[in-house]
Structures are given as C-alpha cells and as structure tokens.
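> Quick one: this structure, given as structure tokens, is what I'll be asking you about.
Readers should treat all values here as calculations from the given coordinates under stated rules, not as data from a laboratory. Quick caveat, the model's predicted, so the values are computed rather than measured. Every residue, glycine as well, gets a Cβ built from its backbone with ideal geometry; the counts of neighbours run over all protein chains shown.
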Amino acid sequence: MGIFQKLRVITLGNLHELLNKTIDLNSPAVLEQYIRDLEDAITSMKNEAATQAGLIRTLEREVGDLQHNIDSETDLVKRILAGSAANKDTASRIHAANVVRMQKELPEKQAQLETQRKTSAAIDDAVAKLDAKHADMVNQARSLRRLDRETKAKEHAAGAMEAAGKIVSDIDGASIDDIKGKMQERHDVADVKFERAMDSVQVEEDPTTAGDVDALLATLGSK
C-alpha cells in the first residue's frame, strides 16, 4: 500500500470516528465545537474527493493510452512481419517486446484504476454522510438555542411572579381591612374638623339691619 493510499485509509478512519462520536447534547458548547469540526472535515474531504475524482480521469486516460499503444505496436509488428525487409525479424522482435511489456503493465494499471474508483466512491460516501450529519447537528443546535432562550425567559418570568406573589402574601385581607379602617378614621376626624372650622367662620348678623332684613324677607315670601 502506497503512502497516499495509507493516508486515505487513515483519513477515512478518522471520518468514521467523527461520524460515530457520541455528542453531549446537554452541552451547547460541545455541540457547537462538534459542528465546527464537521465543517472542517467536510471542507477537507470535498477537496480530497475532487482530487480522487481527478486521479480516476488520469488513470482512465493512461489505461486508454496504454491500450492504444498496444494496438498500434501490434499492428506495426504485423506489418513488419508481412513485409520483406531484411531486418524484419529484428525489428519485429523489438516492437513485439514493447507489446509484451505494455500488456504486462496494462493489468496493473487497470487494477490501480479499479482501486482508485473504490477509494473515490468511499470518500464521496463519507462526504455525503458528513453533510447529512452536519445538517442534523445544525438543526439540533438551533433547537437547543431556542430551548435555551425559552428556558431563560421562563426563569425570568418565574422570578418576577415569585416576587409579586411575595408582595401579595405580605398584604393579606386583614392588613387591607386595617388600612381601610385607619383611613376611615382619619376621614371622620377630618369631617369633624371641617365642620368646626366652618362654624368658626360664620358671620354674626348686624342687629341694626335685622328689622329691615325681616321686612324684606316677609315681602319676598308673600309674592
């Protein structure tokens, strides 16, 4: 196994570990870090997927070129053998040796191509799984953030209601009646003070005009 193939195997192993990792959903911070790790892995793997897909094209072209060269050299050997050149035996052997060499190389190249296709497919599959996992984690993170906001709002509301309840419990019905009674008592005292004040400011009738007032009232009352 080549160094690059080993690196791919290690990368895929790390991805599987990341996908199978158990996340503490009770810790938003842990979930957020996991999402960031996924995003980094997705970016890296998409770049790797593009590289592997490019290598498939390279190998396909090399296999095609090798097969074309085999066919061309084979045709050349046939033409040399069919000819009448003095050195046709030597020339045909030289080109036949090229054909044999390339025919041995072709299966190895085809095997590399097949391995490369499997590797590329595995990485594409890993990218798809990472994308799905990322989408699921993002949705869970949103749900946790929404739940956190609702929890804090309810906690604040509960605190305010507890404070209000304490105020209400401190002012019971007996306290209210006592306050009302004291206020009524003050009101009664104020009435008495007001009446006495009014009496103190009454104007005494002038005795010199009393007779004229009585005569006017009698006249007005008879009409």
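> Those residues that are within 22 Å of Asn47 (Cα to Cα), surrounded by fewer than 16 Cβ atoms within 10 Å (Cβ to Cβ) and among the hydroxyl-bearing types (Ser, Thr, Tyr), I need them from region 108-156; list them, please.
Across region 108-156, the qualifying residue is only Thr115.
> Which of (1) surrounded by fewer than 15 Cβ atoms within 10 Å (Cβ to Cβ); (2) within 35 Å of the chain's Cα centre (by Cα) is the odd one out, the single condition Ala49 does not satisfy?
The number of the failed condition is (1).
> Between a residue in region 34-57 that is within 24 Å of Val138 (Cβ to Cβ) and any residue that is charged (D, E, K, R) and assigned to a helix (DSSP H, G or I), which pairs come within a Cβ distance under 8 Å, given they are 6 or more apart or on different chains?
Once the first residue is within 24 Å of Val138 (Cβ to Cβ) and sits in region 34-57, its partners that are charged (D, E, K, R) and assigned to a helix (DSSP H, G or I) give Leu38/Lys133; Ile42/Asp131; Glu48/Arg8; Ala49/Asp124.
> Here's another thing I want to ask about it. Would region 89-105 turn up any residue that is over 30 Å from Ile42 (Cα atoms), under 53 Å from the mean Cα position of the chain (by Cα), surrounded by 13 or more Cβ atoms within 10 Å (Cβ to Cβ) and without any contact (Cβ under 8 Å) to a residue 60 or more places away in the chain? Write out each step before concluding.
Applying the first criterion (over 30 Å from Ile42 (Cα atoms)) to region 89-105 yields 89-105.
This time we only want the ones that are under 53 Å from the mean Cα position of the chain (by Cα), so: 105.
Checking which are surrounded by 13 or more Cβ atoms within 10 Å (Cβ to Cβ) leaves us with 105.
Filter again for without any contact (Cβ under 8 Å) to a residue 60 or more places away in the chain, leaving 105.
Yes, region 89-105 contains at least one residue that is over 30 Å from Ile42 (Cα atoms), under 53 Å from the mean Cα position of the chain (by Cα), surrounded by 13 or more Cβ atoms within 10 Å (Cβ to Cβ) and without any contact (Cβ under 8 Å) to a residue 60 or more places away in the chain.
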